[in-house]
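The values are calculated or read from the model by the stated rules, or taken from the named source; none is laboratory data. Note that this is a predicted model, so its numbers are computed, not measured. As a convention, Cβ positions derive from the backbone with ideal geometry for all residues, glycine included, and neighbour counts pool all protein chains shown. These accessible areas exclude ligands, DNA and RNA; they are computed on the full protein's heavy atoms, side chains included. Shrake-Rupley method; radii C 1.70, N 1.55, O 1.52, S 1.80 Å.
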Amino acid sequence: PHDMKRLPDGRLIVANGGIETDPSDRAKLNIPDMRPNLALLSAEGALLDIAELPPELRRNSIRHLALLPDGVAFAMQWEGDRSDGVPLLGLWTRGAAPRACNLPQAQALAMKGYAGSIAATADGALIAVTSAPGGVVMICGGAGGPPATHTRADISGVSALGPGFVATDGQGVVWACDAQGLTPLSQGDTLWDNHLVPLG
């Protein structure tokens, strides 16, 4: 398991990345046989549902989750050739197969096979996904449509903020972020990574 979100009714959605690692050096041991999945658990921990990616995307490690009003959006990291341009954003509703959101090729390649963080507005109208290696944050419609793409070196963390988002980067800058662009809010000495979470 890599990430977990609790639904309002107490159930849990778990992102299982599918990568077995050597505990001594973190070497990846099972890339040819990866089976990432999303698991839905009861509040007591009973398995209610499990959803796997199609075979051609089995090397897409499911990493981070954002809750939507009717399901979950998930960000992935591709354990293959970064020039493959595979989808790194997916959507899942219980009872249906997970759906990968295909991007235009240039935007898919800009992600460099790595989605580091994901967030969705409370109404599910917008989803943001970041790639620090690509230096991009993409703002998509809630159905995963063509995104607005903004560039910033090492942009990585993202969280919902009202009708838009707040994003952080490895140079210590905190940004307001929406479909129109990035606006700096503050800069400090903290070099932010991709684990940005809302409090309260």
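Taking the conditions (1) open to solvent by 40 Å² or more (accessible area, probe 1.4 Å); (2) assigned to a loop (DSSP other than H, G, I, E, B); (3) at pLDDT 90 or above; (4) touching a Ser or Thr at 6+ places or on another chain (Cβ under 9 Å) in turn, GLY134 satisfies each one other than (1). When the residues of the range 154-200 are filtered to those that are in contact with a strand residue (DSSP E or B) (Cβ under 7 Å, 6 or more places away or on another chain), small (Gly, Ala, Ser) and over 13 Å from VAL129 (Cα atoms), which remaining residue is most open to solvent (accessible area, probe 1.4 Å)? Only one residue tops the list, namely SER186. Listed by position, the strands (runs of 3 or more DSSP E) inside the range 1-64 whose residues that are open to solvent by 30 Å² or more (accessible area, probe 1.4 Å) and among the hydrophobic types (A, V, I, L, M, F, W, C) number at least 2 are 47-52.
Of everything in the range 72-85 that is over 14 Å from the mean Cα position of the chain (by Cα) and open to solvent by less than 50 Å² (accessible area, probe 1.4 Å), the residue that is farthest from GLY124 (Cα to Cα) is GLY80. Of all residue pairs spaced 6 or more apart or on separate chains, those with beta-carbon atoms under 8 Å, a first member in the range 105-118 that is under 11 Å from SER61 (Cα atoms) and a second member that is assigned to a helix (DSSP H, G or I) and modelled with pLDDT under 95 are GLY113/ARG82; GLY113/ASP84; TYR114/ARG82. The sole residue among GLY95, GLY80, GLY90 that is assigned to a loop (DSSP other than H, G, I, E, B) and modelled with pLDDT of 90 or more is GLY80. Among the residues of the range 97-110, those identified as open to solvent by less than 70 Å² (accessible area, probe 1.4 Å) and either at positive phi or in contact with a strand residue (DSSP E or B) (Cβ under 8 Å, 6 or more places away or on another chain) (or both) are PRO98, ALA100, CYS101, LEU103, GLN107, ALA110.
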